[in-house]
Amino acid sequence: MANRSQSDTVERLLDTYGRTYTDEAGIRLRDTPQPLYRLLVMSVLLSARISSGIALATARALADAGLRSPRAMADATWQQRVDALGEGGYRRYDERTATQLGKGAELLLEHYRGDLRRLRATADGDRDRLSRLLQQVPGLGPVGADIFLREVQDIWPEAAPYLDGKARQGARKVGLPDDPARLARLAGDDPALFAAALVRVSLDRHAELATA
């Protein structure tokens, strides 16, 4: 059970940083093919060495360009993908990422008929296997798989609680336990929101929740 001090810290944490990255990217996350694919694309973009603001703006720009499904992404030309990436400000990695998104879409169509729920079914409830399958998608390494699993855990409960190294770094920063089991007990009914808040505070150089 959380003590009063920890409960107060969690409350302040969620008040200040409680927003998922999917929400910021304009994705209404549900267990259906299109939002799951948009989450995957967002995870690819966020895993590069670029600001989260640019990555999320680019995720929105790709959706605005109609690239919301593996079929649409695969059918788009390479230049169309580059242009959409540039529209979001993702210019440093646009050419490489345009290629990765095209190849990733083709992989999903070939192996899972464009439906990430089929990838989930292949993992058969094994979270480690789920991570490995996600990492077969071009451009989605361990960091990208962590992002995907942190955000999807509310609707794919076999992934929960997903509190990876970046989330535990945030926990240490605000004085919460970084032991995964102890930290999981503080997650409440929305582990994705809790994990996102921890990641956000880990990235905020001016966070002072621990001493608030």
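The values are calculated or read from the model by the stated rules, or taken from the named source; none is laboratory data. What you see is a predicted model, and the numbers here were worked out from it, not measured in a lab. FYI the Cβ positions are ideal-geometry reconstructions off the backbone, even for glycines, and counts take in every protein chain you see. Each accessible area value is taken on the protein alone, full model and side chains, heavy atoms only, with ligands, DNA and RNA left out. Shrake-Rupley method; radii C 1.70, N 1.55, O 1.52, S 1.80 Å.
Numbers below:
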{"quantity": "Matching option when the condition is touching a helix residue (DSSP H, G or I) at 6+ places or on another chain (Cβ under 7 Å), open to solvent by 30 Å² or more (accessible area, probe 1.4 Å) and assigned to a loop (DSSP other than H, G, I, E, B), among Arg71, Arg28", "calculated": "Arg28"}
{"quantity": "Qualifying helices (runs of 4 or more DSSP H) (wholly inside the range 101-203; at least 1 residues being of a type in the set (Ser, Thr, Tyr))", "calculated": "116-123, 127-134, 191-203"}
{"quantity": "Among the residues listed as Arg113, Arg132, Arg96, the single one being open to solvent by 30 Å² or more (accessible area, probe 1.4 Å), at pLDDT 95 or above and within 19 Å of the chain's Cα centre (by Cα)", "calculated": "Arg132"}
{"quantity": "Hits in the range 154-185 - residues which are touching a residue at least 60 places away in the same chain (Cβ under 8 Å), closer than 29 Å to Ala123 by Cα and open to solvent by 20 Å² or more (accessible area, probe 1.4 Å)", "calculated": "Asp154, Ile155, Arg185"}
